[in-house]
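Worksheet for the structure shown next.
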Amino acid sequence: MESIGSPELWGAFATVVLVMLAIDLFVVGGGKEHRVSFREAATWSVVWVMVSLLFAAALWWYLEGSAGRAIANQKSLEFVTGYLIEKSLAVDNVFVWLMLFSFFGIPLELQKRVLVFGVLGAIVMRTIMIFAGAWLITQFHWILYLFGAFLLVTGIKMWWFADAKPDLANNPVLRWLRGHMKVTDSLRGERFFVMQDGVRHATPLFFALVLVEISDLIFAVDSIPAIFAITSDPFIVLTSNVFAILGLRAMYFLLADMASRFSLLKYGLAAVLVFIGLKMMLIDLYKIPVGFSLAVVATFIGISIGLSLRKEKQERERV
């Protein structure tokens, strides 16, 4: 399994992640039932993007001195492209979270606790999946075609069902939980479980957490193969994934009141998945340059955002 991941790079990455997580979780907005303001979410969104770009710059500097400028340019570009893909696809996850919290009636001040566990769970799941995927690719090269076909089909389905609304009331996981666990009629602050009449009960907040973790898993299955189309280096795949995920909670609160303004974004994300799927299926016939892939992804996302804002403006003017 070829990788640029030296002990120094892995150590630097782990240090940055742990320090930033500690600041985010225990220093900024610490305390219970914290309601994340738009200003705080915007500030942290910018901070996470800047930290990610600084990491890319530091990676380039390290590789330029140890492996040469060509390798430094290639790997840093792969990181930025993977980061952009993961960040873009994560927006769809944000929309699902909004729907879940609305369904369970979770107020903003309690959503942070769920998302903290959601993000940490996503990091653990994706780390396992990325190393498993990297190993599979080294052992069975043909699995790249399988990943490509999966992304192609997923992109087509996302486009086709872009406006469909999931029926959460009949969600099989939710029905199983209700059939096997006692649940309270209302929220009990930030608590996931409470004792009621001597019996342990789950709260709606716990049910929301379970579905958030499941949504993380589902989106990981979609997004991780997409980055393997850019690079098979597990260090680049994992770092670009983790940096995108770490900024996901801040992005959620930033977009919480603006989700309706990006109604066409799913079509852009679907186009990205189709393109990445085709790129992966053609990998042995023609390797599409990483720089071109970055441009295509940015163009699809930019166009879908622009058209969404234009549509929202036109609808507002008609009222």
Exercise for review: Pull up the stretch 67-82, narrow it to residues that are open to solvent by 20 Å² or more (accessible area, probe 1.4 Å) and either in contact (Cβ under 8 Å) with a residue 60 or more places away in the chain or within 15 Å of the chain's Cα centre (by Cα) (or both), then point me to the one that is farthest from GLY277 (Cα to Cα).
Suggested key: ALA67
Review point. Do any helices (runs of 4 or more DSSP H) entirely within the stretch 122-239 hold 3 or more residues that are closer than 30 Å to GLY5 by Cα, and if so, which?
Key: 143-160, 204-228
Review point. What do you reckon, is LYS266 charged (D, E, K, R), touching a helix residue (DSSP H, G or I) at 6+ places or on another chain (Cβ under 7 Å) and farther than 28 Å from HIS141 by Cβ?
Key: yes
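For the stretch 271-286, does any single residue satisfy the condition of being open to solvent by 20 Å² or more (accessible area, probe 1.4 Å) and β-branched (Val, Ile, Thr)?
So in the stretch 271-286, the residues open to solvent by 20 Å² or more (accessible area, probe 1.4 Å) come out as 271, 274-275, 278, 281-286.
Filter once more, keeping what is β-branched (Val, Ile, Thr): 274, 283.
The answer is yes, given that some residue of the stretch 271-286 is open to solvent by 20 Å² or more (accessible area, probe 1.4 Å) and β-branched (Val, Ile, Thr).
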Review point. Taking the condition buried (at least 19 other Cβ atoms within 10 Å of the Cβ), within 15 Å of LEU265 (Cβ to Cβ) and out of contact with any strand residue (DSSP E or B) (no Cβ under 6 Å at 6 or more places or on another chain), does SER88 pass?
Key: yes
Practice item. Would you check if VAL80 is of a type outside the set (Asp, Glu), part of a helix (DSSP H, G or I) and within 27 Å of PHE262 (Cβ to Cβ)? Key: yes
Review point. Going through the stretch 91-116 one residue at a time, which ones are among the β-branched types (Val, Ile, Thr), outside any loop (DSSP other than H, G, I, E, B) and surrounded by fewer than 24 Cβ atoms within 10 Å (Cβ to Cβ)?
Key: VAL91, VAL94, VAL96, VAL116
Exercise for review: Sort out which residues of the stretch 48-65 are touching a residue at least 40 places away in the same chain (Cβ under 8 Å) and out of contact with any helix residue (DSSP H, G or I) (no Cβ under 8 Å at 6 or more places or on another chain), and write them in order of number.
Suggested key: VAL49
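The values are calculated or read from the model by the stated rules, or taken from the named source; none is laboratory data. Note that the coordinates shown come from a computational prediction; the quantities given were computed from them, not determined experimentally. Quick reminder, even Gly has a Cβ in these numbers, built from the backbone with ideal geometry, and neighbours come from all protein chains shown. These accessible areas exclude ligands, DNA and RNA; they are computed on the full protein's heavy atoms, side chains included. Shrake-Rupley method; radii C 1.70, N 1.55, O 1.52, S 1.80 Å.
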